[in-house]
Amino acid sequence: MSITDVLSADDIAAALQECQDPDTFEPQKFFQTSGLSKMSASQVKDVFRFIDNDQSGYLDEDELKFFLQKFQSDARELTESETKSLMAAADNDGDGKIGA
């Protein structure tokens, strides 16, 4: 599966363009621009599985660091502060992991 099987390549490119500089990644804005926020729960789970490198059912900070590269291989890594911010925004139970 490729990420472009569920998201538009143009939308992904636009979302990555908005956050190409370090410390400019804003999760909500990225999700809106890329089309993730318009997807069904089932489609979001498909994308989640694509991002979940070890197929553990959870995303940890190590996987989140490379979040943008899952959308385009030559995208930058998230900075430490961006990674922590994304984790904080999505880690509903505070266990240091994001579940599908």
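The values are calculated or read from the model by the stated rules, or taken from the named source; none is laboratory data. Because the structure is predicted, anything quoted here is derived from the model rather than measured. We place every Cβ from the backbone using ideal geometry, glycine too, and count neighbours over all the protein chains shown. All accessible areas refer to the heavy atoms of the entire protein, side chains included, with ligands and DNA or RNA removed. Shrake-Rupley method; radii C 1.70, N 1.55, O 1.52, S 1.80 Å.
Could you list all residues from segment 26-39 that are aromatic (Phe, Trp, Tyr), in contact with a Cys (Cβ under 9 Å, 6 or more places away or on another chain) and open to solvent by 20 Å² or more (accessible area, probe 1.4 Å)? Matches in segment 26-39: none.
Give the residues of segment 59-75 that are among the charged types (D, E, K, R) and farther than 14 Å from residue 30 by Cα, sorted by residue number. Of everything in segment 59-75, those that are among the charged types (D, E, K, R) and farther than 14 Å from residue 30 by Cα turn out to be 60, 61, 62, 63, 65, 74. Close Cβ contacts (under 8 Å, 6 or more residues apart or on different chains) running from residues in segment 53-76 that are in a loop (DSSP other than H, G, I, E, B) to residues that are open to solvent by 60 Å² or more (accessible area, probe 1.4 Å) and among the aromatic types (Phe, Trp, Tyr) comprise 53/66. Please work out if residue 41 is out of contact with any helix residue (DSSP H, G or I) (no Cβ under 8 Å at 6 or more places or on another chain) and over 16 Å from residue 73 (Cβ atoms). Yes: the conditions hold for residue 41.
Within segment 21-38, being touching a helix residue (DSSP H, G or I) at 6+ places or on another chain (Cβ under 6 Å) and in a helix (DSSP H, G or I) holds for 27, 30, 31, 33, 34, 37. Restricting segment 3-19 to residues that are within 14 Å of the chain's Cα centre (by Cα) and in a loop (DSSP other than H, G, I, E, B), the residue that is surrounded by the fewest Cβ atoms within 10 Å (Cβ to Cβ) is 6.
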